[in-house]
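Okay, structure first, notes after.
The values are calculated or read from the model by the stated rules, or taken from the named source; none is laboratory data. Values in this document were obtained by computation on a predicted structure and should not be read as measured data. Cβ placement follows ideal geometry from the backbone for every residue including glycine, while neighbour counts extend to all protein chains displayed. Calculation scope for accessible area: heavy atoms of the full protein, side chains included, ligands and nucleic acids excluded. Shrake-Rupley method; radii C 1.70, N 1.55, O 1.52, S 1.80 Å.
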Amino acid sequence: MNARSDNGPAIEARGLVKRYGDEVVAVDGVDLSIPANRIYGLLGPNGAGKTTTISILTTLLEPTAGEARVLGLDVVKQAGDVRQRVGVTFQEMVLDDELTGRQVLDYHGRLYRMDKAERKAKTKELLALVELEEAAERKAKTYSGGMKRRLELARALMTTPEVLFLDEPTLGLDPQTRARIWDYLRALKEEGGMTLLLTTHYMDEAEELADTVGIIDRGKLVAEGTPQALIEEMGADTIHVIGEGDREAFVENVSALPFVQAVDVGRRVIQVGVDSGSKRLVEIIAQATDSAFAIQDITVAKPSLGDVFLKYTGRRLRDTDSTQTQHRMLLMS
Amino acid sequence: MAATATLWNKQMRKFLANPEEMFGLLIQPILWVVLFGVGMKSMLSADMPGSGEPYVTFMLPGIVVLSALGGAIGGGSVWLTERLRGIVKEYLVAPIPRLSILMGNALSTMTKSMFQAIIILIVGLVLGAKLSTYPLGWLGGLVLVAGFGLGFSGIALSIASQTDNPGAYHAMIMVFNLPLLFLSNALYPLATMPTWMRIGSLINPTTYTIDGLRQMMFRDPAALAGGDPLPLWLCWVVVLAFAAVGMGLAYAAFRKSIK
């Protein structure tokens, strides 16, 4: 399936910038290099530049500066060739819902000049894959949100793309449907040999699916690695502390401890990365007492991708208040 | 070409699957001919001043053009909806020429206008309009209307590419629609107009469309024009240029909107 002449990355970007006017910088120098047959998860809060990045890679937008290649093809100069070989699903529902499910797939195939027999076979196969056979003759406007998403996924797969771009593929779906979509996506990579780039602001989605995660914030890629490696950087365990009193002193004292690998200060929660949570709990509490900091709640947890995200962006993913200023300290061991 | 045909086919399929839209599109021109035609006729005491032709003969091309204008406005509306709902993005990531996306829309609008034109002519015949006896002339007339429809579709698509607000679109399109219709020979003859209006009408492509229609589809065009008709070749040149300029505007606005 992956008819590549060389063995370069499936997706690469160098110094990608997208500016609107003089003020707004949506993407601010993003570099990417994604090998073939991987799932890459672009993780970031709303407005971080995820959709703009995907729009450039799928030829919808031209970058202000920098360059990008998909399957070795320049997304500006060889846009037509890129379009022929990639599949895309958009963040918002993009369906002509006056058409039936089958018609949606058929017209899509026609736009890509697939012949009738090919379209028929592929439609049948994909309707079965996304389990929409019974709804195939109904207008898409009668579908539930999850069914529409599955139909969009089938449409993106209609042309047997080598690279699939998915912008928030499970946004607003119930847990069951999300799990099912994850299964499809995994199978596309494992069995179909596809390369997938998906954006998400769900931590579990990135952790569940992605071979590599890139964290994007304010148009910049701030961290990249396997979910496992990123989490390990946080320390073996994380101790979450909530309390009142002299936070500054507490943070300072805790940071000075030899076994502490990272300290991240959120609006409420202070995260302390340590080598072993259960062993160090007592010493952290002792520091609090010394710093006149009254602990209200303290828990030990294995760090998650959410903790990684908080560390790099200073924000929780679900935070809506992006203007909050946060004191942040990083101690990388 | 293939992409234009596909998008045309899709719009037509949606149209044929929508009985309300079909009903509205077919009934509107009939209402115009019957209500407006009969009302004017009673006022004008049967025949046009200065000619022996019934008013219904005179105004049929006007109603054909009016319907084409209405169709193009509807086509622009469809385009705006597709833009706002993101459906255009599906076309944009497909390996098809940008122009074919607009052409698919404009050609489906034109096709609907052709249906309407045929219905209008049939209703006109029933009401006593005097058509020419040359089928080739009828065909030429339909092609001329198609060219005019393409031009105004272009204007509608260009406005619909520049706004994100359906209300603003409809307000803007009326600024073009009304003078195109009323500052022309669609409803009253050039010969009876005050000079300023005649000059306005002569820079309006609608006038050339209608004059061409009268010459190709109707008997006694000189009588209908209330004087010498415009040269037929000029009618063709103006209408084809209008089609090209309209689609050019639409294309430019569309390219700008996807930057």
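Below are the figures for this structure:
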{"item": "Tally, over region A:297-315, of residues that are open to solvent by less than 60 Å² (accessible area, probe 1.4 Å) and more than 30 Å from A:Gly214 (Cβ to Cβ)", "result": "1"}
{"item": "Single residue of region A:59-106 satisfying the filter (among the basic types (Lys, Arg) and within 11 Å of chain B (Cβ to nearest Cβ)) that is surrounded by the fewest Cβ atoms within 10 Å (Cβ to Cβ)", "result": "A:Arg85"}
{"item": "Answer residue from region B:128-142, given it is open to solvent by 40 Å² or more (accessible area, probe 1.4 Å) and assigned to a helix (DSSP H, G or I) and is nearest to B:Tyr55 (Cα to Cα) among those", "result": "B:Trp138"}
{"item": "Filtered residue count, region B:11-39, keeping only those that are farther than 17 Å from B:Ser67 by Cα, open to solvent by less than 50 Å² (accessible area, probe 1.4 Å) and within 14 Å of another protein chain (Cβ to nearest Cβ)", "result": "4"}
{"item": "Any chance B:Ser42 is among the small types (Gly, Ala, Ser) and over 19 Å from the mean Cα position of the chain (by Cα)", "result": "yes"}
{"item": "Subset of region A:249-272 [without any contact (Cβ under 8 Å) to a residue 40 or more places away in the chain and of a type outside the set (A, V, I, L, M)]", "result": "A:Glu252, A:Asn253, A:Pro258, A:Phe259, A:Arg268"}
{"item": "Residue in region A:144-161 that is touching a Phe, Trp or Tyr at 6+ places or on another chain (Cβ under 9 Å) and at positive phi present", "result": "no"}
{"item": "Test result for B:Val145, more than 14 Å from every other protein chain (Cβ to nearest Cβ) and surrounded by fewer than 16 Cβ atoms within 10 Å (Cβ to Cβ)", "result": "no"}
{"item": "Among the residues listed as A:Glu67, A:Glu98, the single one being outside any helix (DSSP H, G or I), of a type in the set (Asp, Glu) and closer than 22 Å to A:Lys220 by Cβ", "result": "A:Glu67"}
{"item": "Complete set of residues in region A:269-291 that are open to solvent by 10 Å² or more (accessible area, probe 1.4 Å) and assigned to a helix (DSSP H, G or I)", "result": "A:Ser278, A:Lys279, A:Arg280, A:Leu281, A:Val282, A:Glu283, A:Ile285, A:Ala286, A:Gln287, A:Thr289, A:Asp290"}
{"item": "Criterion (over 22 Å from A:Asp97 (Cα atoms) and touching a residue at least 24 places away in the same chain (Cβ under 8 Å)) met by exactly one of B:Gly124, B:Gly74", "result": "B:Gly124"}
{"item": "Checklist (1) modelled with pLDDT of 90 or more; (2) farther than 27 Å from B:Trp32 by Cβ; (3) open to solvent by 30 Å² or more (accessible area, probe 1.4 Å) applied to B:Ala171, failing item", "result": "(2)"}
{"item": "Conditions (1) within 9 Å of the chain's Cα centre (by Cα); (2) farther than 23 Å from A:Ala179 by Cα; number of the one not met by A:Thr199", "result": "(2)"}
{"item": "Condition check for A:Glu125: open to solvent by 30 Å² or more (accessible area, probe 1.4 Å) and more than 30 Å from A:Lys220 (Cβ to Cβ)", "result": "yes"}
{"item": "Residues being hydrophobic (A, V, I, L, M, F, W, C), touching a helix residue (DSSP H, G or I) at 6+ places or on another chain (Cβ under 7 Å), within 14 Å of chain A (Cβ to nearest Cβ) and part of a helix (DSSP H, G or I) - total across region B:49-103", "result": "6"}
{"item": "In region A:222-268, the residues that are aliphatic (A, V, I, L, M), under 25 Å from A:Glu208 (Cα atoms), open to solvent by less than 30 Å² (accessible area, probe 1.4 Å) and not in a helix (DSSP H, G or I)", "result": "A:Ala223, A:Met234, A:Ile239, A:Ala262"}
{"item": "Breaking point among (1) part of a helix (DSSP H, G or I); (2) among the hydrophobic types (A, V, I, L, M, F, W, C); (3) surrounded by fewer than 13 Cβ atoms within 10 Å (Cβ to Cβ), for A:Ala294", "result": "(1)"}
{"item": "Matching residues, region B:1-10, being more than 14 Å from B:Ala94 (Cβ to Cβ), more than 10 Å from chain A (Cβ to nearest Cβ) and part of a helix (DSSP H, G or I)", "result": "B:Trp8"}
{"item": "Qualifying residue in region B:195-204 (condition: open to solvent by less than 10 Å² (accessible area, probe 1.4 Å), at pLDDT below 95 and part of a helix (DSSP H, G or I))", "result": "yes"}
{"item": "Residue, surrounded by the fewest Cβ atoms within 10 Å (Cβ to Cβ), within region A:128-139, restricted to residues that are farther than 16 Å from A:Met93 by Cβ and hydrophobic (A, V, I, L, M, F, W, C)", "result": "A:Ala128"}
{"item": "Residues of region B:205-219 satisfying the condition of being of a type in the set (Lys, Arg) and either part of a helix (DSSP H, G or I) or under 16 Å from B:Leu181 (Cβ atoms) (or both)", "result": "B:Arg214"}
{"item": "Subset tally (residues that are touching a Gly at 6+ places or on another chain (Cβ under 7 Å) and either farther than 25 Å from A:Arg69 by Cα or not hydrophobic (A, V, I, L, M, F, W, C) (or both)) for region A:215-247", "result": "9"}
{"item": "Residue within region A:166-176 that is within 14 Å of chain B (Cβ to nearest Cβ), within 24 Å of A:Glu118 (Cβ to Cβ) and aliphatic (A, V, I, L, M) present", "result": "yes"}
{"item": "Every residue from region A:138-163 that is more than 12 Å from chain B (Cβ to nearest Cβ) and farther than 25 Å from A:Val70 by Cα", "result": "A:Arg138, A:Thr142, A:Tyr143, A:Ser144, A:Gly145, A:Gly146, A:Met147, A:Lys148"}
